[in-house]
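A short worksheet on the structure shown next.
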Amino acid sequence: ADDALDVILNSLALEFVETLDEVISDSVWWDGKKRWIRAGAVEIVLQNTLNLGCLRSAIKFSEEYDVPEPVVSAMCNQHPTLFCDKAVAAEDVNNPRLMSKSEIIKSRCVDIAMRTGNPKALQEYKKSVVYFSSLEGWMRMCFPCKNNGLFGRHHMYRTWTRWNQVLYFAPVPVLDSLFERDENDKYILSWDLEKIVHSDDRPFENFSNEEKSTEWRFVETYFETIFLIRFVKQLKYSWKTNGFRRLPFHVLNEYFTFIAFYVQLAFPIITLVIFVQLVKEMFSDHILPYVMSKEEQ
(Lines give C-alpha, C1' and ligand atoms only; values in the text may rest on other atoms or scores of the structure.)
Protein backbone atom coordinates (compact mmCIF):
# COMPACT_ATOMS: atom_id res chain seq x y z
CA ALA A 1 0.00 0.00 0.00
CA ASP A 2 2.84 2.35 0.80
CA ASP A 3 4.52 1.61 -2.53
CA ALA A 4 1.29 2.27 -4.43
CA LEU A 5 0.82 5.58 -2.59
CA ASP A 6 4.40 6.59 -3.38
CA VAL A 7 3.81 5.86 -7.07
CA ILE A 8 0.66 8.00 -7.06
CA LEU A 9 2.37 10.88 -5.26
CA ASN A 10 5.38 10.76 -7.60
CA SER A 11 3.05 10.79 -10.62
CA LEU A 12 1.21 13.81 -9.24
CA ALA A 13 4.53 15.56 -8.58
CA LEU A 14 5.71 14.93 -12.16
CA GLU A 15 2.38 16.16 -13.51
CA PHE A 16 2.63 19.29 -11.39
CA VAL A 17 6.20 20.01 -12.58
CA GLU A 18 5.19 19.50 -16.22
CA THR A 19 2.16 21.77 -15.85
CA LEU A 20 4.23 24.41 -14.06
CA ASP A 21 6.86 24.28 -16.81
CA GLU A 22 4.22 24.76 -19.50
CA VAL A 23 2.67 27.70 -17.64
CA ILE A 24 6.05 29.41 -17.25
CA SER A 25 7.11 28.84 -20.87
CA ASP A 26 3.77 30.14 -22.17
CA SER A 27 3.93 33.35 -20.13
CA VAL A 28 4.65 36.67 -21.80
CA TRP A 29 7.83 37.39 -19.88
CA TRP A 30 9.44 34.00 -20.59
CA ASP A 31 12.48 34.54 -22.82
CA GLY A 32 13.55 31.05 -23.84
CA LYS A 33 15.31 32.19 -27.01
CA LYS A 34 16.71 35.33 -25.32
CA ARG A 35 14.94 37.62 -27.80
CA TRP A 36 14.33 40.31 -25.19
CA ILE A 37 17.97 40.33 -24.08
CA ARG A 38 19.24 40.53 -27.67
CA ALA A 39 16.75 43.26 -28.51
CA GLY A 40 17.83 45.27 -25.47
CA ALA A 41 21.52 44.87 -26.34
CA VAL A 42 20.91 45.90 -29.95
CA GLU A 43 18.86 48.87 -28.77
CA ILE A 44 21.77 50.08 -26.62
CA VAL A 45 24.19 49.71 -29.55
CA LEU A 46 21.84 51.61 -31.87
CA GLN A 47 21.42 54.43 -29.36
CA ASN A 48 25.19 54.79 -29.00
CA THR A 49 25.93 54.39 -32.72
CA LEU A 50 23.13 55.99 -34.72
CA ASN A 51 22.94 59.76 -34.81
CA LEU A 52 19.17 59.97 -35.26
CA GLY A 53 19.20 63.76 -35.11
CA CYS A 54 21.61 63.77 -38.04
CA LEU A 55 19.40 61.39 -40.04
CA ARG A 56 16.39 63.69 -39.57
CA SER A 57 18.05 66.95 -40.60
CA ALA A 58 19.56 67.82 -43.97
CA ILE A 59 21.75 70.51 -42.37
CA LYS A 60 23.24 68.18 -39.76
CA PHE A 61 23.67 65.36 -42.30
CA SER A 62 25.50 67.71 -44.66
CA GLU A 63 27.83 68.91 -41.92
CA GLU A 64 28.54 65.38 -40.65
CA TYR A 65 29.16 63.58 -43.96
CA ASP A 66 30.25 66.45 -46.20
CA VAL A 67 27.37 66.04 -48.62
CA PRO A 68 25.84 69.26 -50.01
CA GLU A 69 22.59 70.08 -48.29
CA PRO A 70 20.59 70.70 -51.53
CA VAL A 71 21.72 67.31 -52.85
CA VAL A 72 20.60 65.49 -49.70
CA SER A 73 17.24 67.25 -49.68
CA ALA A 74 16.67 66.52 -53.37
CA MET A 75 17.49 62.82 -52.97
CA CYS A 76 15.03 62.62 -50.07
CA ASN A 77 12.26 64.40 -52.02
CA GLN A 78 12.58 67.53 -49.87
CA HIS A 79 11.18 65.62 -46.91
CA PRO A 80 11.51 67.64 -43.66
CA THR A 81 12.72 64.66 -41.61
CA LEU A 82 15.00 63.28 -44.34
CA PHE A 83 15.41 59.50 -43.82
CA CYS A 84 12.68 59.28 -41.16
CA ASP A 85 9.60 58.74 -43.35
CA LYS A 86 7.00 56.16 -42.32
CA ALA A 87 5.22 56.15 -45.69
CA VAL A 88 8.37 55.52 -47.73
CA ALA A 89 9.62 52.99 -45.17
CA ALA A 90 6.37 51.02 -45.45
CA GLU A 91 6.73 50.88 -49.24
CA ASP A 92 10.43 49.96 -49.23
CA VAL A 93 9.98 47.20 -46.66
CA ASN A 94 7.45 45.50 -48.94
CA ASN A 95 9.44 46.09 -52.14
CA PRO A 96 10.80 42.72 -53.43
CA ARG A 97 13.69 44.45 -55.20
CA LEU A 98 15.02 45.61 -51.84
CA MET A 99 14.65 42.24 -50.09
CA SER A 100 16.99 39.32 -49.58
CA LYS A 101 16.00 35.84 -50.73
CA SER A 102 14.80 34.78 -47.29
CA GLU A 103 12.78 38.00 -46.92
CA ILE A 104 11.13 37.41 -50.30
CA ILE A 105 10.11 33.90 -49.22
CA LYS A 106 8.66 35.17 -45.96
CA SER A 107 6.80 37.95 -47.77
CA ARG A 108 5.22 35.46 -50.19
CA CYS A 109 4.24 33.19 -47.30
CA VAL A 110 2.55 36.14 -45.58
CA ASP A 111 0.61 36.96 -48.77
CA ILE A 112 -0.53 33.34 -49.15
CA ALA A 113 -1.53 33.12 -45.48
CA MET A 114 -3.56 36.32 -45.74
CA ARG A 115 -5.32 35.16 -48.95
CA THR A 116 -6.13 31.72 -47.54
CA GLY A 117 -7.03 33.00 -44.08
CA ASN A 118 -4.49 30.85 -42.25
CA PRO A 119 -3.97 32.52 -38.84
CA LYS A 120 -1.29 30.07 -37.65
CA ALA A 121 0.86 30.60 -40.74
CA LEU A 122 0.31 34.34 -40.48
CA GLN A 123 1.45 34.26 -36.86
CA GLU A 124 4.56 32.33 -37.90
CA TYR A 125 5.70 34.60 -40.74
CA LYS A 126 4.32 37.97 -39.66
CA LYS A 127 5.42 38.88 -36.17
CA SER A 128 2.91 40.79 -34.10
CA VAL A 129 3.77 44.00 -32.29
CA VAL A 130 5.00 43.15 -28.79
CA TYR A 131 6.11 45.28 -25.87
CA PHE A 132 8.68 44.52 -23.22
CA SER A 133 6.31 45.22 -20.34
CA SER A 134 2.64 45.80 -19.76
CA LEU A 135 3.44 49.39 -18.76
CA GLU A 136 4.53 50.28 -22.30
CA GLY A 137 1.40 48.70 -23.77
CA TRP A 138 -0.75 50.57 -21.25
CA MET A 139 0.91 53.87 -22.17
CA ARG A 140 0.26 53.19 -25.85
CA MET A 141 -3.42 52.68 -25.03
CA CYS A 142 -3.59 55.94 -23.06
CA PHE A 143 -1.60 57.88 -25.66
CA PRO A 144 -2.62 56.33 -29.01
CA CYS A 145 0.06 56.47 -31.67
CA LYS A 146 1.34 54.07 -34.27
CA ASN A 147 4.23 52.12 -32.84
CA ASN A 148 6.10 48.99 -33.89
CA GLY A 149 6.90 47.73 -30.42
CA LEU A 150 10.22 46.60 -29.06
CA PHE A 151 11.47 44.92 -32.25
CA GLY A 152 10.61 47.74 -34.64
CA ARG A 153 11.37 51.04 -32.95
CA HIS A 154 13.49 52.27 -35.87
CA HIS A 155 11.13 50.97 -38.52
CA MET A 156 10.53 54.46 -39.93
CA TYR A 157 14.20 54.74 -40.92
CA ARG A 158 14.03 51.78 -43.34
CA THR A 159 13.81 54.09 -46.35
CA TRP A 160 16.08 51.93 -48.48
CA THR A 161 15.49 53.81 -51.74
CA ARG A 162 16.80 57.03 -50.20
CA TRP A 163 19.70 55.23 -48.58
CA ASN A 164 20.75 53.76 -51.93
CA GLN A 165 20.91 57.23 -53.45
CA VAL A 166 22.86 58.96 -50.67
CA LEU A 167 24.98 56.08 -49.37
CA TYR A 168 27.84 56.45 -51.87
CA PHE A 169 27.54 60.18 -52.47
CA ALA A 170 29.87 61.22 -49.65
CA PRO A 171 33.48 61.87 -50.67
CA VAL A 172 35.81 58.90 -50.32
CA PRO A 173 39.12 59.54 -48.51
CA VAL A 174 42.27 59.35 -50.59
CA LEU A 175 43.89 56.03 -49.70
CA ASP A 176 47.31 57.18 -50.82
CA SER A 177 47.49 59.37 -47.74
CA LEU A 178 46.73 56.39 -45.49
CA PHE A 179 48.70 53.53 -47.08
CA GLU A 180 52.09 52.99 -48.64
CA ARG A 181 53.96 50.02 -50.07
CA ASP A 182 56.67 48.18 -48.17
CA GLU A 183 59.73 46.35 -49.52
CA ASN A 184 57.54 43.39 -50.49
CA ASP A 185 55.24 45.66 -52.51
CA LYS A 186 52.39 45.17 -50.03
CA TYR A 187 50.19 47.90 -48.67
CA ILE A 188 50.85 48.99 -45.08
CA LEU A 189 49.75 51.96 -43.02
CA SER A 190 51.72 55.06 -43.82
CA TRP A 191 54.32 56.16 -41.29
CA ASP A 192 53.15 59.73 -41.82
CA LEU A 193 50.13 58.93 -39.68
CA GLU A 194 52.37 59.06 -36.62
CA LYS A 195 52.72 62.80 -37.21
CA ILE A 196 48.99 63.26 -36.58
CA VAL A 197 48.74 63.90 -32.85
CA HIS A 198 46.25 65.44 -30.50
CA SER A 199 46.75 69.18 -30.03
CA ASP A 200 44.82 72.16 -28.73
CA ASP A 201 44.50 73.57 -32.25
CA ARG A 202 43.23 70.30 -33.76
CA PRO A 203 41.95 68.17 -30.90
CA PHE A 204 40.66 64.63 -31.28
CA GLU A 205 36.95 64.40 -30.48
CA ASN A 206 37.30 61.07 -28.64
CA PHE A 207 40.62 61.78 -26.96
CA SER A 208 41.26 62.91 -23.42
CA ASN A 209 44.56 63.57 -21.67
CA GLU A 210 43.00 63.02 -18.27
CA GLU A 211 43.83 59.57 -16.95
CA LYS A 212 41.36 58.84 -14.18
CA SER A 213 41.01 55.66 -12.24
CA THR A 214 37.75 53.79 -12.00
CA GLU A 215 37.38 54.76 -8.36
CA TRP A 216 37.89 58.45 -9.09
CA ARG A 217 35.38 58.39 -11.97
CA PHE A 218 32.85 56.78 -9.63
CA VAL A 219 33.41 59.47 -6.99
CA GLU A 220 33.14 62.20 -9.62
CA THR A 221 29.91 60.75 -11.03
CA TYR A 222 28.54 60.28 -7.52
CA PHE A 223 29.00 63.87 -6.43
CA GLU A 224 27.89 65.25 -9.80
CA THR A 225 24.65 63.34 -9.29
CA ILE A 226 24.18 64.35 -5.65
CA PHE A 227 24.73 68.04 -6.38
CA LEU A 228 22.67 67.89 -9.63
CA ILE A 229 25.65 68.89 -11.78
CA ARG A 230 25.08 66.04 -14.23
CA PHE A 231 21.38 66.94 -14.44
CA VAL A 232 22.24 70.51 -15.41
CA LYS A 233 24.62 69.21 -18.11
CA GLN A 234 21.87 67.01 -19.53
CA LEU A 235 19.45 69.93 -19.59
CA LYS A 236 21.99 72.11 -21.41
CA TYR A 237 22.65 69.36 -23.98
CA SER A 238 18.93 68.84 -24.58
CA TRP A 239 18.44 72.58 -24.97
CA LYS A 240 21.38 72.85 -27.35
CA THR A 241 20.23 69.94 -29.55
CA ASN A 242 16.52 70.92 -29.39
CA GLY A 243 15.73 67.67 -27.61
CA PHE A 244 12.89 69.14 -25.57
CA ARG A 245 10.93 65.89 -25.65
CA ARG A 246 13.67 64.24 -23.59
CA LEU A 247 13.35 66.72 -20.71
CA PRO A 248 10.55 64.90 -18.80
CA PHE A 249 12.51 61.64 -19.00
CA HIS A 250 15.68 63.39 -17.81
CA VAL A 251 13.78 64.79 -14.83
CA LEU A 252 12.27 61.40 -13.95
CA ASN A 253 15.57 59.57 -14.41
CA GLU A 254 17.45 62.12 -12.33
CA TYR A 255 14.84 61.87 -9.58
CA PHE A 256 15.23 58.11 -9.14
CA THR A 257 19.01 58.25 -9.64
CA PHE A 258 19.32 60.94 -6.96
CA ILE A 259 17.28 58.82 -4.51
CA ALA A 260 19.42 55.73 -5.23
CA PHE A 261 22.70 57.61 -4.81
CA TYR A 262 21.48 59.44 -1.71
CA VAL A 263 20.41 56.18 -0.05
CA GLN A 264 23.88 54.75 -0.71
CA LEU A 265 25.39 57.73 1.07
CA ALA A 266 22.84 58.08 3.88
CA PHE A 267 22.50 54.40 4.82
CA PRO A 268 26.06 53.88 6.21
CA ILE A 269 25.95 57.26 7.97
CA ILE A 270 22.62 56.47 9.62
CA THR A 271 23.87 53.00 10.54
CA LEU A 272 27.00 54.48 12.13
CA VAL A 273 24.96 57.03 14.10
CA ILE A 274 22.65 54.30 15.39
CA PHE A 275 25.62 52.16 16.38
CA VAL A 276 27.26 55.01 18.27
CA GLN A 277 24.00 55.84 20.04
CA LEU A 278 23.54 52.19 20.94
CA VAL A 279 27.06 51.99 22.39
CA LYS A 280 26.44 55.16 24.44
CA GLU A 281 23.18 53.79 25.83
CA MET A 282 24.79 50.46 26.69
CA PHE A 283 27.66 52.24 28.40
CA SER A 284 25.42 54.55 30.42
CA ASP A 285 22.73 51.98 31.31
CA HIS A 286 24.75 48.80 31.86
CA ILE A 287 28.53 49.13 31.76
CA LEU A 288 28.89 52.29 33.88
CA PRO A 289 26.50 51.12 36.68
CA TYR A 290 28.26 47.78 36.77
CA VAL A 291 31.68 49.43 37.15
CA MET A 292 30.41 51.75 39.85
CA SER A 293 28.87 48.87 41.80
CA LYS A 294 32.17 47.00 41.67
CA GLU A 295 34.01 50.01 43.01
CA GLU A 296 31.56 50.36 45.91
CA GLN A 297 32.08 46.72 46.85
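Observations on the structure shown:
- Screening Asp176 against (1) under 27 Å from Val67 (Cα atoms); (2) of a type in the set (D, E, K, R); (3) modelled with pLDDT of 85 or more leaves a single unmet condition, (3).
- Residue that is over 30 Å from Glu91 (Cα atoms) and open to solvent by less than 70 Å² (accessible area, probe 1.4 Å), where the choices are Leu252, Leu178: Leu178
- Those helices (runs of 4 or more DSSP H) lying entirely in segment 1-117 with at least 2 residues farther than 18 Å from Trp160 by Cβ, of a type in the set (Asp, Glu) and under 27 Å from the mean Cα position of the chain (by Cα): 58-65
- Residue, nearest to Met156 (Cα to Cα), within segment 46-76, restricted to residues that are open to solvent by 80 Å² or more (accessible area, probe 1.4 Å) and in contact (Cβ under 8 Å) with a residue 60 or more places away in the chain: Tyr65
- Residue tally, condition within 29 Å of Ser62 (Cβ to Cβ), open to solvent by 60 Å² or more (accessible area, probe 1.4 Å) and at pLDDT below 80, over segment 149-170: 1
- Helices (runs of 4 or more DSSP H) lying entirely in segment 160-273 (those with 2 or more residues that are farther than 30 Å from Phe83 by Cα): 214-226, 229-240
- If you go through segment 224-241 and keep only what is free of Cβ contacts under 8 Å to residues at least 24 places away in the same chain and either more than 21 Å from the chain's Cα centre (by Cα) or open to solvent by 70 Å² or more (accessible area, probe 1.4 Å) (or both), you end up with Glu224, Phe227, Ile229, Val232, Lys233, Lys236, Tyr237, Trp239, Lys240.
- Listed by first and then second residue, the pairs linking a residue in segment 93-122 that is touching a residue at least 24 places away in the same chain (Cβ under 8 Å) to a residue that is surrounded by 16 or more Cβ atoms within 10 Å (Cβ to Cβ) and outside any helix (DSSP H, G or I), with Cβ atoms under 7 Å apart and 6 or more places separating them unless they lie on different chains, are Val93/Arg158.
- For Pro144: the one exception among (1) surrounded by 10 or more Cβ atoms within 10 Å (Cβ to Cβ); (2) modelled with pLDDT under 80; (3) assigned to a loop (DSSP other than H, G, I, E, B): (1)
The values are calculated or read from the model by the stated rules, or taken from the named source; none is laboratory data. Not measured: the values here are computed from a predicted model. Reconstructed Cβ throughout: ideal geometry from the backbone, glycine too, with neighbour counts over all protein chains shown. To get the accessible areas, we keep the full protein, side chains included, count just its heavy atoms, and leave off ligands, DNA and RNA. Shrake-Rupley method; radii C 1.70, N 1.55, O 1.52, S 1.80 Å.
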